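The numbers here are math on the coordinates, done by the rules we state, and not lab data. Please read these numbers as outputs of a predicted model, since none were measured by experiment. Reconstructed Cβ throughout: ideal geometry from the backbone, glycine too, with neighbour counts over all protein chains shown.
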Amino acid sequence: MTPLDWGIAAAALLLIALVNWFFLGPKGRAAVATASSTGGTVDITVLVEGGYTPSTIEVPAGSRVRMTLDRREDNPCSEEIVIPDFGIRRSLPAHARTSIEFTATAGRHEFSCGMGMLHGAIIGK
Ligand SMILES: [Cu+2]
């Protein structure tokens, strides 16, 4: 390979590293919130606005969870939340807080909007 080839290869590797960092780096880690339990029930608040923040929530496996959805928009996309593993489908009034409760079993439990466009997950650890 010529020096130019090496330069192109190095640039390509750097680009791949940057793309991975962008998609898997700080943003992915920051989205994981670890909830802690006080008095038996784990309280978590999730902001609903163009998505779920945080979108990934770690809770102790087997804990009772009170998840409060703070919906700050009236976009019809987010008017329902569905957590199939826990048999939950609940409508979320716009600009209001709605609490749902469930027992978080071990493993990854996906949740989404009613249309399956916005995604998040509860992870029982
Ligand atoms: Cu939707």
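So the values come out like this:
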{"quantity": "Residue list for region 69-112, restricted to those being among the hydrophobic types (A, V, I, L, M, F, W, C) and closer than 22 Å to T34 by Cα", "calculated": "L69, I81, V82, I83, F86, I88, I100, F102, A104, A106, F111"}
{"quantity": "Residues that are touching a Phe, Trp or Tyr at 6+ places or on another chain (Cβ under 8 Å) and exposed (fewer than 13 other Cβ atoms within 10 Å of the Cβ), drawn from region 90-125", "calculated": "T103"}
{"quantity": "Of residues in region 100-116 being within 16 Å of the chain's Cα centre (by Cα) and under 14 Å from I57 (Cα atoms), the one nearest to the ligand (Cβ to nearest atom)", "calculated": "S112"}
